[in-house]
Every structure is written in C-alpha cells, then in structure tokens.
Amino acid sequence: MNIHEFQAKELLATHGVKLPRGGIAYSPEQARYRASEIGGEAWVVKAQIHSGARGKAGGIILCRSEEEVEGAADRLMGRRLVTRQTGPKGNLVNRLYIEETVPIERELYLGIVLDRKAERIKIMASASGGMEIEDIAETEPDSLITITVDPGAGMQKFQARELAFGLGLDGSMVTKATDTLLACYRVFRDFDATMLEINPLVVSKDELVALDCKMSFDENALFRRPNISEMRDKSQEDPRETFASDRGLSYVGLDGEIGCIINGAGLAMATLDMIKLSGGEPANFLDIGGGASPERVAKSFRAVLQDKNVKVILVNIFAGINRCDWVAEGVVRAREEVGLDLPLIVRLSGTKVEEGRRILAEKAPDVIVADTLAEAAEMAVAEWKKLGQSAAA
C-alpha cells in the first residue's frame, strides 16, 4: 500500500526527522490560505499523487506570491497528472501540499527497502540527490553506498556513521546525519514499511531536511497498523485492483483481454507466460489462494469482470490444498450470478479433479475444458482471436 508525500512526512515527524513547514489543501483558496499561514516569500505547490517524477510532469510548482500559489493550485487541482510511473491515464490530483522553500546547500539520496532475497533490510544512500535511483545506479554507480541491516539486531549507530562519512559529511553534520538515518530506519521498522525513499534529503543551514518522501507498506501487516490503513487513498489505485483487494484477492491489472483466475503465484506467472507464448495478451494476474471455496471463486469472477476489456476467461487450478469440485461449483455459481456470456476455458488438475469435471459437464456443458496448461492457453487465445475476427468482420 502506498501513501502520499504529506502522510509519509507526518510519520517521519513522529521520530524527529527535520521537515519544511507545510500544510494540505483541497482547493485553490485553501492553498492560498496555507501559504499565508506558513509565511515567508516563496512556497512550493506539490500535487499529491502516488507517483514519483512529479516535477518533470509539472506537478511541483515554485511560487513567489500568494496569488501565484492560488493560480498554481487552480491549474493542478482536478487534473490528471501523467508521469513515467503512472501510465498514460495518469493519476487524479485531488489534494495539494503547500510547503515553504528552504535554502539548499547539498542534495542527498536515501532509500530503505526490504530485500526479500537476502531476507534483510537494505539501506542505500548517495551524494547525488534529486536523481531517480535507477539513474544513479546507471550513471553514477560509485556514488551509491549500501549497507544491509539484520532485522534481529536493527540498524546500529556505527552503520549510520559509516553512511554519513560515505556521503562526504563531516563535523557536526555527521552526528546529525546519524540521528536522522537512525530515525528513518525506526520509521521503516515501526510501521511495517517495505520502502522508504527520501529524495532529496538536503543539507540546509547545518541541518538535514527531508524535502520529499515516498513510503509503501506491507498490506499483510495492516491489521496491526490501523493508523496506516486509514491513510489509504483508493482514488489513486487501479479500481480493478481495489475491488479485488477489498475481497482478499491478489490481483494485478494488465493491458490484455484474456482474464485469468489461477491459484498460486508461480502457476499464475507460468500461465501468463503460456498465454503470451501462444500469441495472446493476459488482462490480469489473479491468485485466488489456497482456500478456493465456491464463494471465493465467484468473487474472483466478479473481480476479473471489473475489467471491461476482458473478452475471454481462463481458469487454471492445480488443487493440492484446494479441491477441483469446489472450483467447479464456484464456476457454475459465478456464471449464474453474473450472467457470464464470455468464452470460458477451465483447466483442473489435482484433488477431486474427476468430480470437478463431472460438475462442469453436467451444469455448464458449454465451458471449454482443457487437460494441460499449454492446451488451455492455446484454447483461450484461439477463442480470443475468433472474437477479434468477428469484430473486424
């Protein structure tokens, strides 16, 4: 789960990280009021969307009068901001963050991520702040400093000092940087984050100040972090993914027209690959998980059908914990409940497979049944191409 910049800064503030003064605004008039409330001679108006690269897309505007703040807010509010991370549809701007400007002496980069392969927390820092981490790694790889933190021991003070010296800081700034780095680590740890990025982290008047911040969280831990869960902004999410996640389904929307209902992430990835190999385009990744009851299968169909581009549905189940008869009952129920009239290909294998196939043959005889994954993918692509040819004709 992602949150907005202003929300991430609220979390940083709880652990003492230095921040510019700022306030949230929901209208141009409120933006102007925020600027007068903050005071000063210049402000930055920031579009609050779940995306980086906002500045390059025109979502961050420097203003030198309250009138300019109101005008910038008027241009941004209600606009769909398209960045290289949002895709062509962009994200809707429905709130702004008005922030004071601060003098910048140096820009640094700080990132904390969960390294799943190493089962450790990785901290990355660079003296080249303001750049995307991908650009830093490509153009200035020697400037990137990384350390690995054992979650059992936590980040140690000597590791923070090592990073501070590696960034070229000296004197009193090393002590302040050490405190800031440890505070950022505690924010990451205490709120079950999976990513925390401050870019840039600036040196300003002998202080380290976080000018921008992005955070994402482990959705599986939200049950114990209600304060983080309340920060969710569904308007920034793919509505297909929101519908599925609200019903406990693992779903990622894609751009194709063949909807997929599969159990197990590995099998799902293999199915997507097989569809591509057969000449088709998958519309989604959907893992219904281990307990595929008829109710859960029916929910999965409704989630896939949220995507109006779906022309064919492929169900691929390998039943170990699951049971093929449950899946078959779910398929029958879903067809009845949603009035499914799309071509449907079902491949069942594993526990109670013969019973599952019997249920489909009796209650849904028009369902196309496949024996293997390769066969199921080829059938789905064939049906998809038939529909394309019919539309063209």
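The values are calculated or read from the model by the stated rules, or taken from the named source; none is laboratory data. Note that the coordinates shown come from a computational prediction; the quantities given were computed from them, not determined experimentally. Ideal geometry is used to build each Cβ from the backbone, glycine not excepted, and the neighbour counts take in all protein chains shown. Surface areas here come from the heavy atoms of the whole protein model, side chains and all, with no ligands, DNA or RNA. Shrake-Rupley method; radii C 1.70, N 1.55, O 1.52, S 1.80 Å.
Observations, loosely collected:
- Members of segment 30-56 found to be in a loop (DSSP other than H, G, I, E, B) and either in contact with a Pro (Cβ under 8 Å, 6 or more places away or on another chain) or within 23 Å of residue 232 (Cβ to Cβ) (or both), listed by number: 48, 49, 50, 51, 52, 53, 54
- The set of residues in segment 161-191 that are touching a strand residue (DSSP E or B) at 6+ places or on another chain (Cβ under 9 Å), open to solvent by 30 Å² or more (accessible area, probe 1.4 Å) and either farther than 30 Å from residue 226 by Cα or of a type in the set (Asp, Glu) (or both) comprises 162, 166, 168, 176, 179.
- Filter result for residue 257 (open to solvent by 50 Å² or more (accessible area, probe 1.4 Å), of a type in the set (Asp, Glu) and in contact (Cβ under 8 Å) with a residue 40 or more places away in the chain): yes
- Within segment 1-53, the set of residues being of a type in the set (Ser, Thr, Tyr), in contact with an Asp or Glu (Cβ under 9 Å, 6 or more places away or on another chain) and closer than 24 Å to residue 196 by Cα comprises 14 only.
- Residues in segment 179-193 that are assigned to a helix (DSSP H, G or I) and either touching a Pro at 6+ places or on another chain (Cβ under 7 Å) or over 12 Å from residue 111 (Cα atoms) (or both): 8 in all.
- Candidate set from segment 125-147 (those that are surrounded by 13 or more Cβ atoms within 10 Å (Cβ to Cβ) and among the β-branched types (Val, Ile, Thr)); member that is farthest from residue 56 (Cα to Cα): 147
- Candidate set: segment 294-331, residues that are open to solvent by 50 Å² or more (accessible area, probe 1.4 Å) and touching a Pro at 6+ places or on another chain (Cβ under 8 Å); chosen: the one farthest from residue 343 (Cα to Cα): 326
- Sub-7 Å Cβ pairs linking a first residue in segment 223-242 that is free of Cβ contacts under 8 Å to residues at least 40 places away in the same chain to a second residue that is assigned to a loop (DSSP other than H, G, I, E, B) and open to solvent by 80 Å² or more (accessible area, probe 1.4 Å), at least 6 apart or interchain, number zero.
- Odd one out for residue 340, checked against (1) at pLDDT below 90; (2) surrounded by fewer than 24 Cβ atoms within 10 Å (Cβ to Cβ); (3) touching a Ser or Thr at 6+ places or on another chain (Cβ under 8 Å): (3)
- Counting only residues that are outside any loop (DSSP other than H, G, I, E, B), touching a residue at least 12 places away in the same chain (Cβ under 8 Å) and open to solvent by 70 Å² or more (accessible area, probe 1.4 Å), segment 148-160 holds 2 of them.
- Filtered residues of segment 354-393 (kept if modelled with pLDDT under 95, of a type in the set (Val, Ile, Thr) and open to solvent by less than 30 Å² (accessible area, probe 1.4 Å)): 359, 367
- Taking the criterion of being at pLDDT 95 or above and surrounded by fewer than 19 Cβ atoms within 10 Å (Cβ to Cβ), the only residue of segment 195-211 that qualifies is 195.
- Scope segment 92-122; condition touching a Lys or Arg at 6+ places or on another chain (Cβ under 7 Å) and in a strand (DSSP E or B); matching residues: 92, 96, 97, 98, 99, 100, 113, 115
- Failed criterion for residue 77 (all others in (1) in contact (Cβ under 8 Å) with a residue 24 or more places away in the chain; (2) open to solvent by 30 Å² or more (accessible area, probe 1.4 Å); (3) in contact with an Asp or Glu (Cβ under 9 Å, 6 or more places away or on another chain) hold): (3)
- Failed item in (1) surrounded by fewer than 15 Cβ atoms within 10 Å (Cβ to Cβ); (2) over 25 Å from residue 166 (Cα atoms); (3) not small (Gly, Ala, Ser), with residue 63 passing the rest: (1)
- Hey, residue 14 closer than 30 Å to residue 206 by Cβ, open to solvent by 60 Å² or more (accessible area, probe 1.4 Å) and hydroxyl-bearing (Ser, Thr, Tyr) or not: yes
- Hey, residue 72 modelled with pLDDT of 95 or more, within 25 Å of residue 131 (Cα to Cα) and either buried (at least 21 other Cβ atoms within 10 Å of the Cβ) or not hydroxyl-bearing (Ser, Thr, Tyr) (or both) or not: yes
- For the residues 214, 234, the requirement of being buried (at least 16 other Cβ atoms within 10 Å of the Cβ) and touching a helix residue (DSSP H, G or I) at 6+ places or on another chain (Cβ under 9 Å) singles out 214.
- Within segment 170-187, the residues that satisfy the criterion of being farther than 15 Å from residue 210 by Cα and of a type outside the set (Val, Ile, Thr) are 170, 171, 172, 186.
- Within segment 313-324, considering residues that are of a type outside the set (Val, Ile, Thr) and either part of a strand (DSSP E or B) or at pLDDT 90 or above (or both), the one farthest from residue 387 (Cα to Cα): 319
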